[in-house]
Amino acid sequence: MTAPNANWSYPTNIKFGPGRIAELAEQCKAAGLSRPLLVTDRALATLPITAEALAILDQAGLGRAIFAEVDPNPNEINMEAGIKAYRAGRHDGVVCFGGGSALDLGKMIALMAGQSISVWDLEDVGDWWTRADATAIAPIIAVPTTAGTGSEVGRAGVLTNSATHEKKIIFHPKLMPSVTICDPELTIGMPLAITAGTGMDAFAHCLEAYCSPHYHPMSQGIALEGMRLVLENLPHAYADGTDIEARAHMMSAAAMGAVAFQKGLGAIHALSHPVGAVYNTHHGTTNAVVMPPVLRMNRPAIEAKIDAAAAYLGIAGGFGGFYDRVMALRSELAIPEGLRALGVGDDRLDELTEMALKDPSTGGNPVEMTRENTRALFEACL
């Protein structure tokens, strides 16, 4: 066997801990921002945590500009509206404030406000990212208010094409935030369903990265520990939203999942992306719904790995015990049993299958995804 050959990258400067949102203006100034645009979603825009963030910026002389026209699965229409607001306000950077939707769209605004090419020309394919004018990418400060996506430590954003209903991963190294503020107090007000869905998103990231056949032992270890943090803390965060220790560990697990999936994702995300794009479902919840059938399909290729993970996690029974633990967690979090409960029907399975096979996550699945087994997987998920 020849020695492995790979390129690795690890993420940004993180300010982690309760109350760290107080440092927002300080970190903006350190990144060179004097007129930041805070990008968040419509629901968050009306909440006290957002008012607090805007007040911190305003009191430091940085203004209180906000853009909140962000859909749950943001698209290029949202992005263009954000770019218009960014240019009109003559802003010099973006504060991405919220869950995955706001973080991803904020990054896209920072990326594209100074570009003359289409955002679709920067899809995460080969070296397409080199097409961008790197000098025109605005600085980014990331402030997650959920614990799931991990976009706050990533160099990419997910954008849905409103015409084709395809989710595209847009990549550039400068999409890595200058600073990330991880304040678990910001996640205390999350509704139960969002706590569950985002938490299962973090778990899916760690699980798929751990099972990916690609070589990245650093990500492998992070994925394993990330799974432990979710299994031990998500039930507590769900049962008591004010449990700051559980919330903090979940915020760590979310960032760890995004670091870990440099190793790859798989069929969970390959199915979830088209379902979310077509039916506008919550991404993390969709991941949780399709997780058991994917585990069953992948079992021949991952059983030994899952046996080892189960031992580390203190779960008896190897793969079977791990699977049962996942099912119990889903039940505890009131995750819907199948895709039908999310509004998915039989009528578009062929279309969803083709979209899944085009998704870049397919390349990280331990079992090769074909038209036949992917459609069968969708049927099993219904």
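The values are calculated or read from the model by the stated rules, or taken from the named source; none is laboratory data. All of these numbers come straight from a predicted model, not from anything done at the bench. Reconstructed Cβ throughout: ideal geometry from the backbone, glycine too, with neighbour counts over all protein chains shown. Only protein heavy atoms, including side chains, enter the accessible area calculation; ligands, DNA and RNA are left aside. Shrake-Rupley method; radii C 1.70, N 1.55, O 1.52, S 1.80 Å.
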In the range 57-109, anything within 21 Å of Ile170 (Cβ to Cβ) and small (Gly, Ala, Ser) is listed as Ala68, Ala81, Gly82, Ala85, Gly93, Gly98, Gly99, Gly100, Ser101, Ala102, Gly106
Listed by range, helices (runs of 4 or more DSSP H) wholly within the range 22-110 having at least 2 residues that are crowded, with 19+ Cβ neighbours inside 10 Å and in contact with a Phe, Trp or Tyr (Cβ under 8 Å, 6 or more places away or on another chain) are 48-59, 76-88
The condition of being in contact with a helix residue (DSSP H, G or I) (Cβ under 7 Å, 6 or more places away or on another chain), surrounded by fewer than 24 Cβ atoms within 10 Å (Cβ to Cβ) and not in a helix (DSSP H, G or I) holds, among His214, His236, only for His214
Based on what the data block shows, is Ile117 in a helix (DSSP H, G or I) and either at pLDDT 95 or above or closer than 19 Å to Ala258 by Cβ (or both)? no
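Inspect the range 41-60 for any residue being charged (D, E, K, R) and more than 24 Å from the chain's Cα centre (by Cα) and give the result as yes or no.
Yes: the range 41-60 contains one or more residues that are charged (D, E, K, R) and more than 24 Å from the chain's Cα centre (by Cα).
Residues checked against (1) modelled with pLDDT of 95 or more; (2) over 20 Å from Arg299 (Cα atoms); (3) open to solvent by less than 30 Å² (accessible area, probe 1.4 Å):
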residue	(1), (2), (3)
Leu333	yes, yes, yes
Thr353	yes, yes, yes
Met369	yes, no, yes
Asn373	yes, no, no
Only unsatisfied item for Ser178, checking (1) farther than 25 Å from Leu352 by Cα; (2) in contact with a helix residue (DSSP H, G or I) (Cβ under 6 Å, 6 or more places away or on another chain), is (2)
Residue count, the range 132-150, condition at pLDDT 95 or above and within 19 Å of Leu38 (Cβ to Cβ), comes to 10
Filter the range 253-288 for residues that are touching a Leu at 6+ places or on another chain (Cβ under 6 Å) and part of a helix (DSSP H, G or I); the one that is farthest from Met327 (Cα to Cα) is Pro274
